[in-house]
Amino acid sequence: MTQEFVKFGKREITTDEPFASGHRGCIGCGEALAVRLAMKALGRDVAIANATGCIEIISSPLPDTSWEVPWIHTLFENTAAVASGIESGYKMLMKKGRIPQKHIDVIAIAGDGATADIGIQALSGALERGHDFVYLCFDNEAYMNTGIQRSSSTPYGASTTTAPAGKVITVGQQTQKKNMPAIAVAHNIPYVATASPSYPFDLMEKVKKAADVKGPAYVHILSVCDTGWRIPTNMSVTIGRMAVQTGMFPLYEVENGKYKLNVDKELKPVEEYLKKQGRYRHLSDDEIQKIQEHVTQEYAKLKQLATS
Amino acid sequence: MADLTWKDMEIGNIITTPGSARAYRTGDWRSDKPIKDYETCIKCGMCWLYCPEAAITIDDDGMYGFDLFYCKGCGICAEECPKKCITMIEEEEV
């Protein structure tokens, strides 16, 4: 299944940039970095369906485009449906001999809102039908494109414009982050992974592996948003690394139902991660303790899954 | 670009030039500019790997430099450099 899969080291990474410079991403955008690394791993034999969201607006302000590969803008709700259509279309055209036989990776790119909120039924349908495509979710933990509104992927305690920390409700977002990778795993698909651009080789290996796997694959990528998370522009890579080290966003992959933790070290206290970000500025010590307990509990569950 | 009207667009707003955003100067956004001490650089390439704009250039000797046409001045390269040989200085009006 994964014979074609390659390991990446620094010298092996291509200098080719299918995601061109000159995109309009915010200064220090972690999502643009994640897309750039993912495209380096995938190469140019791809067709991309891109949901509305940050990546769509920064990469294709008409009449410019940052993409040097076939790319289509889709709506929030139908990215996975369009991707499955592309995959089936290519398959049929090749069968009829209209286009030459060639392996083309069909990629769906969406943000957390387009994945966890609006496009979840199309995604669920495409995963269930077993199309050979890769779904990349770039999770920046709110609707950053339209001005930091909460999504179901926003973690507990984060202050957003529609879940602000106020006088009565002082905590900000009151619900826990939706566990999208677990939802993808529940579809019994061959490959699910979480990745972070702060671990670039890990991210590229996972994206490449997802593309090489026969059948649907889902990769959940934490993309730090310095604008929405209220952090300095030079901290996006560091904060992404801290999210992994504190266990807020553990890196793991699930291959045919088998869990494997990729970064498994002693967890740092979440306080280090929370205190660095403006969106968690209002949190009291009690709330931080609550988040710490939740993270420890979730990590223990994950560890149990990985060792059993 | 300002003179472009809907009549100049392809049907379905298809963009026929791939990567046409390369012509757009994002360097104008910059307020801090990276400078580098080429003596201490060990050519590890972490700046190149972590740059969201792909604005780090590589010359024939494998030495990394900056493409100030695209560099937005985020400072990730300076933060992530293991030798701390990149520093951000304020951009001066020339």
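The values are calculated or read from the model by the stated rules, or taken from the named source; none is laboratory data. A quick note: this is a predicted structure, and the numbers were derived from the prediction, not measured. Quick reminder, even Gly has a Cβ in these numbers, built from the backbone with ideal geometry, and neighbours come from all protein chains shown. What goes into the accessible areas is simple: the full protein's heavy atoms, side chains included, and nothing from ligands, DNA or RNA. Shrake-Rupley method; radii C 1.70, N 1.55, O 1.52, S 1.80 Å.
Protein heavy-atom surface of the protein assembly as shown, 1.4 angstrom probe: 53% of the accessible area is carbon and sulfur, with nucleic acids and ligands not counted.
Taking all Cα pairs closer than 8 Å and separated by 6 or more residues, the relative contact order of chain A comes to 17 percent.
Assuming charge only on the beta carbon of Lys and Arg (+1) and of Asp and Glu (-1), the dipole of the range A:124-283 about its Cα centre is about 420 debye to the nearest 20. For the Cα trace of chain A, dividing Rg by the Kirkwood Rh returns an Rg/Rh value of 0.96. Please enumerate, by chain and number, the lysines with C-alpha under 24 Å from the C-alpha of A:LYS301, excluding those fewer than 8 residues away in the same chain. Correct list for A:LYS301: A:LYS177, A:LYS178, A:LYS206, A:LYS258, A:LYS260, A:LYS265, A:LYS268, A:LYS290. Residues of the range B:25-50 that lose at least 50 Å² of accessible area (1.4 Å probe, protein heavy atoms only) when the other protein chains are present, relative to their chain alone, are B:TRP29, B:TRP48, B:LEU49, B:TYR50. Given axes a ≥ b ≥ c from the Cα gyration tensor, I'd like to know whether the range A:1-154 is rounded (a/c under 1.5), prolate (a/b larger than b/c) or oblate. It is oblate, given that a/c is not under 1.5 and a/b is not larger than b/c. To the nearest ten degrees, helix A:79-95 and the longest principal axis of the Cα atoms of chain A are 20 degrees apart.
Using a simple spin-label model with pseudo-atoms 7 Å out from Cα toward Cβ, A:ASP285 and A:SER124 lie 4.3 nm apart.
So how much accessible surface do B and A hide from each other in total, probe 1.4 Å, in square angstrom to the nearest 100?
Using a 1.4 Å probe, the pair buries roughly 3100 Å².
Overall dimensions of the range B:25-90, expressed as equivalent-ellipsoid semi-axes from the Cα gyration tensor (√(5λ), whole Å, largest first), are 18, 13, 10. Burial here means at least 40 square angstrom less accessible surface with every protein chain in place than with the chain by itself, probed at 1.4 Å; in the range A:209-236 the buried residues are A:ASN234. For the protein assembly as shown, what is the calculated [θ] at 222 nm in deg cm²/dmol (nearest 500), taking -39500 (n - 2.57) for each run of four or more DSSP H residues and dividing by its residue count? My calculation for the protein assembly as shown gives -8500 deg cm²/dmol from helical runs alone.
Normalised by 2.2 N^0.38 Å, where N is the number of residues, the alpha-carbon radius of gyration of the range A:247-307 equals 1.28. Which parts of the range A:51-75, residue by residue, lose 20 Å² or more of accessible area when the rest of the protein chains are there, as against the chain isolated (1.4 Å probe)? Listed in order, they are A:LEU62, A:PRO63, A:ASP64, A:THR65, A:GLU68.
Averaging over every viewing direction, what projected area does the convex hull of the Cα atoms of the range A:171-302 cover, in nm²?
8.2 nm²
Simple point charges give the picture: +1 on the Cβ of Lys and Arg, -1 on the Cβ of Asp and Glu, and for chain A a dipole about the Cα centre of about 260 debye.
With all protein chains kept in place, the per residue accessible area of the range B:25-90 amounts to 48 square angstrom at a probe of 1.4 angstrom. Excluding residues on the same chain fewer than 8 positions from A:LYS40, give the aspartates and glutamates whose Cα lies under 15 Å from its Cα. In chain and number order, the partners are A:GLU12, A:ASP16, A:GLU17, A:GLU31, A:GLU68, A:ASP105, A:ASP202, A:GLU205, A:ASP212, B:GLU53. Here A:LYS91 is the anchor, and the lysines within straight C-alpha reach of less than 23 Å, apart from those fewer than 8 places off in the same chain, are A:LYS102, A:LYS208, A:LYS209, A:LYS214.
Can you grab the distance from the C-alpha centre of the range A:199-229 to the C-alpha centre of the range A:284-303, Å, no decimals? Cα centres, the range A:199-229 to the range A:284-303: 24 Å. Solvent exposure of B:MET46, expressed as accessible area, is near 50 Å², computed with a probe of 1.4 Å over the protein chains only. How high is the FRET efficiency from B:LYS43 to A:PHE201, r the C-beta distance, R0 25 Å, rounded to 0.05? So the FRET efficiency works out to roughly 0.90. For the range A:1-156, the solvent-accessible area with a 1.4 angstrom probe is 38 square angstrom per residue. A full extension of the chain between A:GLU266 and A:LEU62 corresponds to an added length of 68.7 nm, given 0.36 nm per residue minus the alpha carbon distance.
Lysine pair count for the range B:25-90 (Cα-Cα distance under 13 Å; residues 8 or more apart in sequence or on different chains): 5.
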